[in-house]
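J.: Got a structure for you, written out below as structure tokens; questions coming shortly.
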Amino acid sequence: GNDTMSASSKKKLRAEENTAKLTEKQLAQQKEDKKVKIYTTAFAAVLVILIAIAAFTGISRSISNSGSREKKTVALTLGDTTLSNAELSYYYMDTVNNFYSQNGAYAMLYGLDTSKSLDQQVYDADAGTTWADYFLTAAEQSARAIYALATEAQAQGYTLSESEQSQLDSMESMLQLYAQVYGFKDVDSYLKAMYGNGSSLETYKEYYRLNLLASGYQTQYRDSLTYTADQVKAKDAENPASYNSYTYNQYYISASRYLDENATAEEKAAAAEADAKAVTGEDITSVAKLDAAIAALPVNAETSASSSSMTDQRYTSVNSLIAQWISDSSRKEGDKTYIASTSTTTDENGSEVTTVSGYYVVYFISANDNSFPLVNVRHILSGFEGGTTENGTTTYSDEEKAAAKEKAEEWLDEWESGAATEESFAELAKANSTDTGSKENGGLYEDVYPGQMVSAFNNWCFDSTRKPGDTGIVETTYGYHVMYFVGSAQDTYREYLVKSDLASEDYSNWYNTLVDNLSMTVGDTSYMRKNITLSTNN
């Protein structure tokens with residue numbers, strides 16, 4: 001379920017970049033990746049009733065006309081369907097809003113000045129496009145994806161789930177509430193302020209319905225993908241290293257720290273390399289010795305420098321510069337190396353110049369093939385209650401925490417003094433758990449993989465001594481969990497990783513084919529709000 005417990009606790013394996021200083025090239029690359037990502041996620045979160053509301057309240061004053069031009073002018077043709085400027089505005093404003101709510105303070109990193117009008121800022125000088133063009137193109141692609149999926153959903157007889165239908169049903173009253181809070185006389189005038197002339201409850205509802213349909217159907221499709229043992233084996237054989245996890249230590253020696261400002265880039269790099277060589281010598285036979293050598297470097301005097309220990313890093317999270325060395329199958333504990341981090345620039349004559357910006361020092365400890373089983377577990381959550389919220393963060397008092405703990409202990413006692421079976425545990429969860437995502441099915445989470453759940457929950461599940469029927473109480477940021485270990489699942493973590501890759505590929509192909517097969521023609525978009533400014537406080 002998409003409840004708070006399971007959704008927010010599916011922490012992604014942290015990209016190791018946190019610990020390594022990014023080279024300028026990598027930063028530029030990340031920036032590029034991020035742009036593309038904004039552009040390709042069709043429904044990032046189109047179903048948000050705008051959060052960054054303040055950003056747009058200034059616009060409402062410009063609403064004067066009836067919106068008939070916005071409703072009549074065809075902005076986009078998708079297959080046999082036409083979207084007016086008013087209808088495309090829902091996609092456009094939500095694309096802008098999603099970007100702003102995700103990146104608001106960091107918009108400048110992408111070259112977007114939130115205090116200036118979108119159509120007055122260059123997005124791509126070569127193509128001659130503005131930020132308004134960028135968001136409009138993204139909105140058109142988003143609309144194309146939603147229509148392609150919604151049409152396929154209807155063709156396949158997919159209907160909204162109960163919770164999706166209730167979201168749609170409650171949408172009108174949500175809008176009424178927002179209209180009231182922000183001082184609009186009715187929902188239509190609120191929608192006009194948010195989305196522009198020609199917006200109405202009726203067309204917004206249809207937009208919302210199509211989004212729910214597309215989103216629900218694509219989730220159902222993805223969940224329906226299954227694979228045979230042979231398919232898994234074949235995929236695994238393509239690149240076995242990519243399903244391993246690696247434990248190693250690394251340290252980055254930046255060339256910029258060497259010599260003075262008169263030294264050339266080459267001289268600085270040579271000095272950094274000499275130190276990288278020194279700390280990976282024959283005599284470095286342990287992490288302790290590596291760290292002692294790092295601390296002893298003259299450049300580290302007065303600092304407490306040491307290597308970072310990287311534990312069970314998935315191959316995909318290993319810094320790409322060192323991944324090939326780390327994943328070499330002949331690698332054994334105690335192997336060490338240093339690898340240059342380079343950046344390439346073009347000089348005034350147009351020829352490429354490669355500069356060494358530093359060296360990664362790497363000390364190998366072990367590889368793990370992740371062939372341990374996933375787990376099935378039940379829990380009863382005694383969620384924290386009360387709390388004080390400041391800047392969006394809620395903290396709980398010791399008393400509030402103690403109350404939640406007491407409840408959890410009482411439930412465990414009740415279970416122990418009863419039948420003390422898995423069935424009786426499930427009944428107790430159904431009656432008491434505050435985790436809406438698992439309450440209905442007796443607190444059950446199946447095929448739990450490492451790192452999916454918050455750390456204390458995760459660590460309890462994957463304790464090497466864990467056996468079926470074990471119970472316990474763990475504390476997380478959500479409250480106290482009464483745990484019941486059901487046992488090992490059928491799939492191993494490795495199989496799960498391979499299947500996830502297969503599903504991603506198949507899903508992408510399916511999705512791209514559906515979207516590409518829907519013809520799209522851009523019409524007259526002259527009534528779109530290209531001249532909006534994102535922040536009103538500058």
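The values are calculated or read from the model by the stated rules, or taken from the named source; none is laboratory data. Since the model is a prediction, treat every value here as computed from it, not as a measurement. Methodologically, a virtual Cβ is constructed for each residue, glycine included, from the backbone with ideal geometry; neighbour enumeration extends over all protein chains shown. The area values use the complete protein model at the heavy-atom level, side chains included, leaving out ligands, DNA and RNA. Shrake-Rupley method; radii C 1.70, N 1.55, O 1.52, S 1.80 Å.
J.: What nm value, rounded to one decimal, do you get for the distance between Asp186 and Glu302 when each label is placed 7 Å out toward the C-beta?
T.: 7.1 nm
J.: Determine the dipole magnitude for the range 92-157: charges of +1 sit on the beta-carbon of Lys and Arg, -1 on that of Asp and Glu, nothing else is charged, the reference point is the Cα centre, and the result goes in debye to the nearest 20. Let's see the in-between values first.
T.: Values: 2 positive and 8 negative charges, 33 e Å.
Magnitude of the dipole: close to 160 debye.
J.: Moving to a separate point now. To the nearest 10 square angstrom, what accessible area does Thr465 show with a 1.4 Å probe?
T.: 100 Å²
J.: Please give the peptides 452-464, 413-425 ranked by average Cβ packing (other Cβ atoms within 10 Å per residue), highest first, as a rough proxy for protection.
T.: Top of the packing list down: 452-464, 413-425.
J.: 5 Å is the cut-off here: which amide hydrogens, built 1.01 Å from N in the peptide plane, fall below it relative to Phe372, excluding neighbours closer than 5 in sequence?
T.: Tyr493, Arg494
J.: Which entry in (1) 33.2; (2) 26.0; (3) 32.0 is this structure's computed mean projected area of the Cα convex hull in nm²?
T.: Recomputing mean projected area of the Cα convex hull in nm² here gives the entry labelled (3).
J.: Let me ask something additional. Please give, to one decimal in nm, the separation of the simple spin-label points placed at Ala420 and Ser200, each 7 Å out from Cα toward the Cβ.
T.: Going from the Ala420 label point to the Ser200 one covers 6.7 nm.
J.: May I pose another question? In whole Hz and in residue order, list the ³J(HN,Hα) couplings for the range 103-108 that follow from phi through the Karplus curve 6.51 cos²θ - 1.76 cosθ + 1.60, θ = phi - 60°; x for Gly and Pro.
T.: Here the 3J(HN,Hα) series is 10, x, 5, 9, 3, 4 Hz.
J.: Which ³J(HN,Hα) values, rounded to whole Hz and listed in residue order, are derived for the range 233-246 from phi using the Karplus coefficients 6.51, -1.76 and 1.60 in 6.51 cos²θ - 1.76 cosθ + 1.60 with θ = phi - 60°, glycine and proline given as x?
T.: Listing the rounded values in order: 4, 5, 5, 4, 5, 4, 7, x, 4, 6, 9, 8, 10, 10 Hz.
J.: For the chain, what does the helix formula give at 222 nm: sum of -39500 (n - 2.57) over DSSP H segments with n ≥ 4, over the residue count, nearest 500 deg cm²/dmol?
T.: Theoretical 222 nm ellipticity from helices: -14000 deg cm²/dmol.
J.: Can you give me the relative contact order of the range 68-196 as a percent, contacts being Cα pairs under 8 Å and 6 or more apart?
T.: After rounding, I find 20 percent.
J.: What is the gain in length, in nm to one decimal, between Glu172 and Ser254 on full extension, counting 0.36 nm per residue of separation less the C-alpha to C-alpha distance?
T.: So the chain would gain 23.9 nm between Glu172 and Ser254.
J.: Continuing with the same structure: Per-residue accessible area for Leu514 at 1.4 Å probe radius, Å² rounded to 10?
T.: 40 Å²
J.: Share of the chain's accessible area from carbon and sulfur, percent, 1.4 Å?
T.: Heavy-atom surface of the chain belonging to carbon and sulfur, 1.4 Å probe: 48 percent.
J.: Here's something else I'd like to know. Multiplying the sequence separation of Asn349 and Ser309 by 0.36 nm and subtracting their Cα-Cα distance, what value in nm do you get? Don't jump to the answer; show the numbers that get you there.
T.: Values: separation 40, 0.36 × 40 = 14.40 nm, distance 4.28 nm.
Between Asn349 and Ser309, full extension yields 10.1 nm more.
J.: Moving on to the next point. Tabulate in residue order the Karplus-calculated ³J(HN,Hα) for the range 349-355, using 6.51 cos²θ - 1.76 cosθ + 1.60 with θ = phi - 60°, rounded to whole Hz; enter x for Gly and Pro.
T.: 8, x, 9, 6, 10, 9, 10
J.: Can you list the residues, at least 5 places off or on another chain, whose amide H is less than 5 Å from the amide H of Arg314, using H built in the peptide plane?
T.: Tyr246
J.: How much accessible area does Ile365 have with a 1.4 Å probe, in Å² rounded to the nearest 10?
T.: Taking all protein chains as shown, Ile365 has close to 50 Å².
J.: Given a 1.4 Å probe, how much area per residue of the chain is accessible, in Å²?
T.: Using a 1.4 Å probe on heavy atoms only, each residue of the chain averages 51 Å².
J.: Which whole-number percentage describes the relative contact order of the chain, with Cα contacts under 8 Å and a sequence gap of 6 or more?
T.: 22 percent
J.: Just want to confirm a number: the relative contact order over the range 312-375, from Cα pairs under 8 angstrom separated by 6+ residues, in percent.
T.: Over the range 312-375, the number comes to 33 percent.
J.: Which peptide among 85-97, 437-449 comes first, and what is the full order, when sorted by highest mean count of other Cβ atoms within 10 Å?
T.: 85-97, 437-449
J.: A follow-up question, please. Please give the contour-minus-distance gain from Asp524 to Gln220: 0.36 nm per residue of separation, less the Cα-Cα distance, rounded to one decimal in nm.
T.: 105.9 nm
J.: Efficiency by 1/(1 + (r/R0)^6): what FRET value for Ser455 and Arg69, r their Cβ-Cβ distance, R0 = 60 Å, to the nearest 0.05?
T.: Rounded to the nearest 0.05, the efficiency is 0.60.
J.: As a test, work out the antiparallel percent of DSSP beta bridges whose residues both lie in the chain, rounded to the nearest 5. Intermediate values should be presented prior to the final figure.
T.: Numbers: 58 of 58 bridges.
Counting DSSP beta bridges with both partners in the chain, the antiparallel share is about 100 percent.
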